[in-house]
Amino acid sequence: QVQLVESGGGLVQPGGSLRLSCAASGSIFSVNAMGWYRQAPGKQRELVAAITGDGRRNYADSVKGRFTISRDNAENTVNLQMNSLKPEDTAVYYCNAEMRTKPWGPHSNYWGQGTQVTVSS
């Protein structure tokens with residue numbers, strides 16, 4: 001069974017920093033893109049940042065210059081360093097990865113359970 005486990009959420013004051021981590025485990029043959037999404041109350045889930053297997057990064061305009069995504073291909077982990085946090089960054093953050101458990105067939109989309117990030121004074 002393949003799963004994604006997130007850690008690192010919490011409460012932080014505006015202007016502060018948090019680092020989210022996500023580790024994929026189980027019978028994994030290969031991993032394509034990995035990323036972070038977030039969902040605030042009453043809003044749709046949105047892409048925050050994504051990174052391909054060869055390191056190409058994509059960020060939402062609202063987080064460019066403040067958030068940095070990184071990954072460790074050997075460990076199947078992805079991290080999100082969040083700096084200069086704002087109250088509008090408050091949301092549940094979800095890890096996402098495209099993974100394959102066999103050497104053939106398409107990659108499937110997997111999600112973590114989510115971790116709460118609250119930015120408030």
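Numbers below:
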item: Sparsely packed chymotrypsin sites (Phe, Trp or Tyr not before Pro) within region 1-85, loop by DSSP, other Cβ within 10 Å at most 13; result: Phe29
item: Within the chain, longest stretch clear of exposed trypsin sites (Lys or Arg not before Pro) (DSSP loop, no more than 13 other Cβ within 10 Å); result: 65-121
item: For region 78-83, Karplus couplings with θ = phi - 60° (6.51, -1.76, 1.60), whole Hz, Gly/Pro x; result: 9, 10, 9, 8, 10, 10
item: For region 1-115, the spread of Cα positions along each principal axis, largest first, Å; result: 45, 26, 22
item: In region 70-121, chymotrypsin sites (Phe, Trp or Tyr not before Pro) in a DSSP loop with at most 15 other beta-carbon atoms within 10 Å; result: Trp104
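Taken together, the values in this text are just the output of simple stated rules run on the coordinates, not laboratory data. Quantities reported herein were computed from a predicted structural model and do not represent experimental measurements. Every residue, glycine as well, gets a Cβ built from its backbone with ideal geometry; the counts of neighbours run over all protein chains shown.
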